[in-house]
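The values are calculated or read from the model by the stated rules, or taken from the named source; none is laboratory data. Please read these numbers as outputs of a predicted model, since none were measured by experiment. All Cβ positions, glycine included, derive from the backbone under ideal geometry; neighbour counts span all protein chains shown.
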Amino acid sequence: MAKHATSVILDVGGVGYEVTIPVTTFYDLGDTGAPVRLRIYTHVREEALQLFGFRTERERELFTLLISVSGIGPKSAVAMLSGMSADEIVTAIRTNNYARLTSIPGVGRKTAERLVIELRDKMAALSSPALDEEFAAGAGAPQTEDALREDTLAALLQLGFPRPAAEKVITHAMSEGGELSVEVLLRRSLRQLSKG
């Protein structure tokens, strides 16, 4: 196995398969060469076959639901799963949290509304008792600044921005202060990148 932030090359019986993955899956992968098991979604188009890989069946199911929504293709769905955890997406859709959904790069108000309308009733099946308890309690440990920086950088790289520019805008975004989260940093960073 060879891995990159947005893809992994899997050796299956001596044949290498390139599989697109969300950043969250990248973090869960072992070292290069280590055995790995991914749940694969095969996307068939006229001109290409694309493989998308996920660490859990739940992520794969969420991906399948996301691409069933009009206007969301596989790459957009992977970007969504890279910008927010499966639990956060499930909770945001179940609770009509448009602000949270539109904080994902590439998701505008209309897309967020379609996600909620088309998927809200289907999200209960993807929820878990632990997630429901955590959401009800409003719990959630804050991330360290280093973790926030790394997650934001990974998301910007996933979106195709060059590393030097991404690192520069993240530093600027963090210097603005306030309550920091990946979503806040992404929003600030994207605002800066769109000016440049």
Would you check if there is a residue in region 66-79 being modelled with pLDDT of 85 or more, among the hydroxyl-bearing types (Ser, Thr, Tyr) and outside any helix (DSSP H, G or I)? yes
Across region 47-59, what is the total count of residues that are loosely packed, with under 13 Cβ neighbours inside 10 Å and part of a loop (DSSP other than H, G, I, E, B)? 2
Being crowded, with 20+ Cβ neighbours inside 10 Å and not assigned by TED's automatic domain parsing to the domain that holds Arg191 narrows it down to one of Val69, Val23, Val44, so name that one. Val23
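What is the residue count in region 77-99 for residues that are farther than 25 Å from Gly53 by Cβ and surrounded by fewer than 19 Cβ atoms within 10 Å (Cβ to Cβ)?
Within region 77-99, residues that are farther than 25 Å from Gly53 by Cβ and surrounded by fewer than 19 Cβ atoms within 10 Å (Cβ to Cβ) number 5.
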Given the criteria over 20 Å from Ser76 (Cα atoms), more than 16 Å from the chain's Cα centre (by Cα) and at pLDDT 80 or above, does Gly177 qualify? yes
Could you figure out which of (1) within 30 Å of Leu193 (Cα to Cα); (2) surrounded by 20 or more Cβ atoms within 10 Å (Cβ to Cβ) isn't true of Leu38? (1)
What about Ala92, is it in a helix (DSSP H, G or I), closer than 21 Å to Val23 by Cα and touching a Gly at 6+ places or on another chain (Cβ under 6 Å)? no
Of all residues in region 1-22, how many are part of a strand (DSSP E or B) and either without any contact (Cβ under 8 Å) to a residue 40 or more places away in the chain or in contact with a Ser or Thr (Cβ under 6 Å, 6 or more places away or on another chain) (or both)? 12
